[in-house]
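Structure, as structure tokens:
The values are calculated or read from the model by the stated rules, or taken from the named source; none is laboratory data. A quick note: this is a predicted structure, and the numbers were derived from the prediction, not measured. Ideal geometry is used to build each Cβ from the backbone, glycine not excepted, and the neighbour counts take in all protein chains shown. To get the accessible areas, we keep the full protein, side chains included, count just its heavy atoms, and leave off ligands, DNA and RNA. Shrake-Rupley method; radii C 1.70, N 1.55, O 1.52, S 1.80 Å.
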Amino acid sequence: MYQPILKGKKGEFEAWSQVQANRRSSAIPLFDLVPDKGVEEDLQKFAAGLTLSIQPGDTFALDTAALRQGATESVTGLLSYSWLAAQLTNSAKPFRPVVHLDDENTIVADALAAAESMGQQVTLRIGQTDSNSLSKKNYTSLRDFCSESSMSSGNVHLLLDFASIADGDLEACQQLAVVYLQWILANGPWASVTLASGAFPAQISKLPKQTANRLPRLDANLWNYANSAAIIPGMYYGDYGVRHPELLEGPVWNGPLPNLRYATATDWIVWREAKAPSGQPNSSFYDVCASVTALPDYRGPSFSWGDQRVEQKSRRIPGPGAGTEWITYATNAHIEFVIDRLATLGAA
């Protein structure tokens with residue numbers, strides 16, 4: 001099972017909405033709310049994107065930790081998970097609320113109440129995305145946290161999130177993952193356990209143009225190593241797709257250059273082109289797509305919706321070609337590729 005951790009943004013919502021029906025049941029996306037204009041507008045935008053993206057039968061998780069702790073929706077006075085539950089269950093889209101070791105008691109209680117109202121379980125997300133939570137194993141146990149929060153570990157989906165490992169020591173991360181998975185095993189049983197990390201860099205502006213830059217998929221390497229240790233039977237794989245976990249793209253004047261991020265078994269291919277001349281909108285992105293489809297790594301238009309869109313753009317078929325679409329196509333192709341690898345090879 002695959003748990004892509006996706007930003008709650010237009011590109012990611014569209015990417016998930018286009019995942020093929022025969023693969024959707026093999027993934028449990030987790031959408032992170034991205035703060036922008038305040039609690040009310042952010043929650044409404046988040047719910048609207050989910051309503052368009054999620055299909056009947058999907059299993060998914062939501063994390064609203066980016067909102068101010070304890071923030072309520074002004075009209076109803078509800079905390080985020082109860083508000084989202086009321087909105088989404090109207091369209092039959094129940095979800096798993098995400099909690100963290102350093103959440104306030106009211107946040108955990110809201111998550112549990114919302115989950116119960118939808119007949120769902122919660123996800124406990126531990127790791128570098130929570131301040132100081134990796135060190136909490138030194139003075140508390142996961143079992144204690146669950147007990148204090150009135151949760152049974154057997155009804156909790158545990159997500160061990162290493163966040164960004166793009167600039168880290170892979171071997172050190174692998175050894176640390178083994179330690180934490182042993183700790184998790186000792187504090188179970190759990191409804192499921194996912195090991196997740198992100199390896200895409202914060203920015204790609206220094207990568208050469210007009211060439212197939214290859215960036216190692218260290219997140220896949222981390223999971224493959226830990227999974228081979230067989231500490232947690234049936235352990236799920238999680239990653240941040242083609243984004244940096246913190247959504248940091250670095251300063252870019254006049255927007256990013258046209259680019260595409262394309263996953264292979266071991267790397268991402270990142271192809272960049274200079275901006276198109278005035279009066280030729282999207283032509284540089286068409287060049288990007290033509291270059292990627294000419295590579296032996298390209299899987300063909302029938303593999304995924306994202307691959308199909310890339311192939312169409314390579315033939316200069318008009319249509320959207322801005323940054324959102326670049327992320328959308330890449331994310332969809334990445335999700336379907338990972339699902340396929342896990343299903344056929346048991347590897348990320």
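Here are the numbers:
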| read-out | value |
| --- | --- |
| Qualifying residue in segment 101-123 (condition: assigned to a strand (DSSP E or B) and open to solvent by less than 20 Å² (accessible area, probe 1.4 Å)) | yes |
| Only listed residue being open to solvent by 50 Å² or more (accessible area, probe 1.4 Å), in a loop (DSSP other than H, G, I, E, B) and within 17 Å of Ile339 (Cα to Cα), chosen from Gly234, Gly241 | Gly234 |
| Residue in segment 60-82 that is modelled with pLDDT under 95, touching a His at 6+ places or on another chain (Cβ under 8 Å) and either in a loop (DSSP other than H, G, I, E, B) or closer than 25 Å to Gln308 by Cβ (or both) present | yes |
| Candidates Val310, Val292, filtered to the one that is of a type in the set (A, V, I, L, M) and closer than 18 Å to Ser17 by Cβ | Val310 |
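The rows are residues; the columns are (1) open to solvent by 60 Å² or more (accessible area, probe 1.4 Å); (2) among the aromatic types (Phe, Trp, Tyr); (3) within 15 Å of the chain's Cα centre (by Cα).
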residue	(1), (2), (3)
Lys7	no, no, yes
Val39	no, no, no
Ala48	no, no, no
Gly57	yes, no, no
Phe60	no, yes, yes
Lys93	no, no, no
Val99	no, no, no
